[in-house]
Amino acid sequence: MNRLTTAWARLPRDTRDSLFLLAVITAVIAPHADHLPWWSSALTTVVLAWRGLLAWRQRPLPSRWWLLAVIAIYGGLTWLTFRTLIGREAGITLLVMLMALKTLELRARRDAFVVFFLGFFLVLTQFLYSQSLLMAIWSLASLWGLLAAVVLAQMPTGVPSIAIAARRAASTTALGLPVMVLLFVLFPRIAPLWGVPTEAIGRTGLSNQLEFGAMNEIANDDSVAMRLKFDGPLPPPDQRYFRGPVLTRFDGKTWRAPDARPSQSWLRGRDDLSTTGPALRYEMTLEPLRISVLPLLEMSSGAVGNQLSLTDLIVTRGPELQWVSPRPITERLRFETSAHMAWRAGERRIRLHLAADLDLPAGQNPRTRAWAAELAAQPRFANLATGARAESLASAVLDHIRNNDFLYTLSPGRYGEDSPHVIDEFWLDRRLGFCEHFASAFVVVMRSMGVPARIVTGFQGWDAEPQDGYYVVRNANAHAWAEFWVEGRGWVRSDPTAAVAPNRVIQGLALRPQPGVIGQFNPTLWRAMRNGWETINNRWQQLVLNYSRDNQFDLLKKMGFERADWTGLGQVLAGVILVLAVAGAAWIRWSSRPHDAWSRQRARIAAQLARAGVAIPAHESPAAWARALRLQHGQKAEPAAQWLEKLERSRYAPDAPMPAWGEFRQAARMLRA
């Protein structure tokens with residue numbers, strides 16, 4: 001370590017500053033490596049390493065022909081990857097290239113400033129992909145590094161310390177932070193300026209289709225899907241279902257959502273909904289999804305016209321009672337809504353609209369269908385009414401799961417490798433699976449017995465302990481359950497997972513993958529660290545990322561505005577700008593005046609003599625002023641000249657007394673007389 005410090009201290013200034021700038025550029029570009037093409041990161045790394053080697057060995061910079069060759073390669077690869085040279089992805093890729101290549105042209109200070117400004121812009125573009133707390137801290141550190149490099153560039157002589165430049169950059173950043181906070185609080189939130197996606201679309205999460213084994217990917221994702229805060233008592237554990245996509249079409253392996261084409265709407269129908277009892281109000285902070293269905297707590301009745309207004313987004317209730325957004329949820333949403341725990345849906349469905357919920361692929365899973373036919377033919381179901389028969393058959397299927405050796409596991413192995421009949425393999429042979437396996441088999445069995453049924457996906461349950469007052473629902477809480485139709489009652493929720501793993505539903509305990517190294521060593525410490533970080537991140541989201549126009553209007557009301565609108569916000573913003581301008585002017589005037597005692601005394605002497613009509617050079621000493629007074633005014637200036645000579649001696653001679661200020665004022669009045 002000491003050798004490295006010594007070697008760094010002995011580097012020539014150009015080499016040291018170049019290496020420091022390259023380190024800052026690397027920090028600025030690093031967050032983009034996650035979403036830019038791999039070849040872009042590789043080429044950028046090669047260029048920066050090349051420039052660092054040239055600086056270390058103090059070799060000359062390459063000719064422009066080399067740069068043109070790299071630009072041609074970079075531009076060609078960008079075109080081949082994106083089929084365009086404009087747009088967000090292609091534009092940021094080219095900006096990263098320009099910043100890296102500009103380091104090979106650092107021949108003058110103006111070239112360095114081009115790099116600085118490109119760096120500032122690239123720091124801003126990082127928020128197009130993520131606005132997390134970690135990204136904000138990283139961006140602030142990158143900004144500090146760029147400002148330190150700017151300070152070094154403004155100190156062309158000597159060998160100034162990087163630590164000194166960093167301190168000056170930190171003080172400059174600290175001076176700008178209050179202005180940044182004021183602009184954040186007061187700058188109008190006008191769409192589409194605040195409509196830029198805050199996060200990339202979720203990589204894992206719910207989907208509009210469900211394959212055997214697909215839930216395994218979601219169950220291994222322990223990240224936060226949503227946060228909830230309830231205004232009143234919590235819903236019972238067996239009512240904590242968040243309704244997502246409803247799947248009705250089955251091809252033997254994959255479940256898909258109903259055909260949404262208008263030509264098929266008459267076959268699809270629409271579920272009616274009636275709710276009873278009090279509404280349960282709650283606040284939801286929903287993380288970005290990759291679908292356009294909002295997983296709201298069952299059952300959200302909505303308002304007139306089957307629409308629900310969530311901040312600036314209007315969602316519509318779909319035919320299967322799921323809430324559909326006009327676009328995928330690519331940004332974090334925070335809203336308040338309500339749900340009813342007692343509800344009935346689809347009571348007035350006709351047989352034509354139920355045909356799709358009875359359909360099964362021909363020739364698929366013959367053994368399961370035969371098993372279901374044998375069960376339905378038992379005498380105990382023969383004389384039951386249609387509705388009672390459907391409920392009795394569902395109970396018999398759940399009893400079969402409960403009383404046989406089915407196992408709820410996150411690692412059931414792959415189905416369908418030796419046979420296309422995946423339901424047969426699960427239901428009659430292996431009997432290993434998790435929610436999607438049990439829900440799929442349940443629906444196939446019910447349909448085989450002539451009972452309309454469908455799959456509902458979403459989330460179920462949440463963490464037992466709240467964080468900062470919010471209950472956390474994770475992607476690992478993703479769940480699939482079933483609904484079957486009962487004449488006179490409509491759709492009835494049935495969760496076959498509860499028959500084999502009651503804790504999954506009653507306590508909301510989702511299966512978890514194996515924890516990391518810390519989790520294996522100390523699970524309690526791992527949970528405490530995770531919960532602590534998620535609490536801090538939730539504060540960041542609630543106070544910063546979710547700061548909206550409504551918060552600004554609430555602030556105006558607290559400031560005494562009777563009518564909180566854009567006009568009032570503009571007045572406050574204009575007032576703040578005026579105060580800042582006046583404060584800046586006062587600061588400039590104050591800083592232009594002397595502040596040490598000696599300079600202030602010299603200024604007072606000059607002012608007294610100026611009133612007496614005597615102009616003295618500000619750069620000369622008191623003794624020189626005394627000589628000038630004698631030359632200009634002769635004997636009558638003698639008292640003032642003697643006082644100035646005493647002041648000179650008191651300033652520079654040891655143990656010389658300071659002359660009284662009153663004597664000089666009297667001498668100055670004599671000159672004025």
- Task: Please name whichever of His400, Tyr415, Gly277 sits farthest to the positive end of the charge dipole of the range 271-417, dipole taken about the Cα centre and charges placed at Cβ: Lys and Arg +1, Asp and Glu -1.
- Result: His400
- Distance (nanometres) between label positions extended 7 Å along Cα→Cβ at Thr330 and Asp468: 2.6
- Quick calc, Phe381 & Glu211: beta-carbon distance into FRET formula, R0 25 Å, rounding 0.05, result 0.20
- Note on the structure: So the angle from the long Cα axis of helix 162-186 to the longest Cα principal axis of the chain, reported in degrees to the nearest 10, equals 60
- Dimensions in Å of the range 561-673 - Rg and Dmax from alpha carbons: 23.1, 74
- Task: With the cut-off at 16 Å, report for the range 94-149 the share of all Cα pairs above it, as a whole percent.
- Result: 45
- Between the modelled labels at Gln666 and Trp79 (7 Å from Cα along Cα→Cβ) the distance in nm is 9.1
- Item | FRET efficiency for Arg414 and Phe117, using Cβ-Cβ distance with R0 set to 45 Å, rounded to 0.05 | 0.25
- Message: Can you compute the FRET efficiency between Thr173 and Arg13 using 1/(1 + (r/R0)^6), with r the Cβ-Cβ distance and R0 = 25 Å? Round to the nearest 0.05.
- Response: 0.55
- Item | Residue (of Ile25, Ala112, Pro617) at the positive-pole extreme of the chain, dipole from beta-carbon charges | Pro617
- Task: Per residue of the range 102-112, in order, report the coupling 6.51 cos²θ - 1.76 cosθ + 1.60 (Karplus, θ = phi - 60°) as ³J(HN,Hα) in whole Hz, putting x for Gly and Pro.
- Result: 5, 5, 7, 10, 6, 9, 9, 5, 5, 5, 5
- Mean ellipticity per residue at 222 nm, deg cm²/dmol - from DSSP H runs of n ≥ 4 across the chain, formula -39500 (n - 2.57): -15000 deg cm²/dmol
- Any GluC sites (Glu not before Pro) in the range 400-439 that lie in a DSSP loop and have at most 16 other Cβ atoms within 10 Å would be Glu417
- Where Lys and Arg each count +1 and Asp and Glu each count -1, what net charge lies around Thr285 among other residues with Cβ under 10 Å from its Cβ? +2
- Query: Out of the range 69-156, which trypsin sites (Lys or Arg not before Pro) are coil in DSSP terms and have no more than 15 other C-beta atoms within 10 Å?
  - Reply: Arg83, Arg107
- Counting only the heavy atoms of the protein chains, how much of Val151 is accessible to a 1.4 Å probe, in Å² to the nearest 10? 30
- Query: From the phi of every residue in the range 318-330, what ³J(HN,Hα) in whole Hz does the Karplus formula 6.51 cos²θ - 1.76 cosθ + 1.60 yield, where θ is phi - 60° and glycine or proline is x?
  - Reply: x, x, 9, 6, 8, 9, 10, 8, x, 8, x, 7, 9
- Item | Reachable aspartates and glutamates, given that their alpha-carbon falls under 14 Å from the alpha-carbon of Lys558 and they are not under 8 places away in the same chain | Asp550
- Query: How much length, in nm to one decimal, is gained on full extension between Ser63 and Ala362, taken as 0.36 nm per residue of separation minus their Cα-Cα distance?
  - Reply: 100.6 nm
- Quick one: check the C-alpha center-to-center distance for the range 419-484 versus the range 555-604, whole angstrom. 62
- Message: Suppose every Lys and Arg Cβ carries +1 and every Asp and Glu Cβ carries -1, with no other charges. What dipole size does the chain come out with about its Cα centre, to the nearest 20 debye?
- Response: 3360
- With no solvent and one point per C-alpha, what does the Debye sum give as log10 I(q)/I(0) for the range 605-670 at q = 0.19 Å⁻¹? -0.67
- Message: Give the residue list of GluC sites (Glu not before Pro) in the range 612-656 that are DSSP loop and have at most 13 other beta-carbon atoms within 10 angstrom.
- Response: Glu620
- Query: With the contact rule set at Cα under 8 Å and sequence spacing of 6 or more, what percent relative contact order holds for the chain?
  - Reply: 11
- Query: Along each of its three principal axes, how wide is the spread of alpha-carbon positions in the range 283-414, in whole angstrom units, largest first?
  - Reply: 56, 41, 30
- Message: Just want the answer: with Cβ charges of +1 for Lys and Arg and -1 for Asp and Glu, which residue in Leu53, Gln601, Ile455 is farthest toward the dipole's positive end in the chain?
- Response: Gln601
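The values are calculated or read from the model by the stated rules, or taken from the named source; none is laboratory data. These figures come from a predicted structure and were not determined experimentally. Backbone-built Cβ (ideal geometry, glycine too); neighbour counts: all protein chains shown. Protein only, heavy atoms only, side chains kept; ligands, DNA and RNA dropped before computing areas. Shrake-Rupley method; radii C 1.70, N 1.55, O 1.52, S 1.80 Å.
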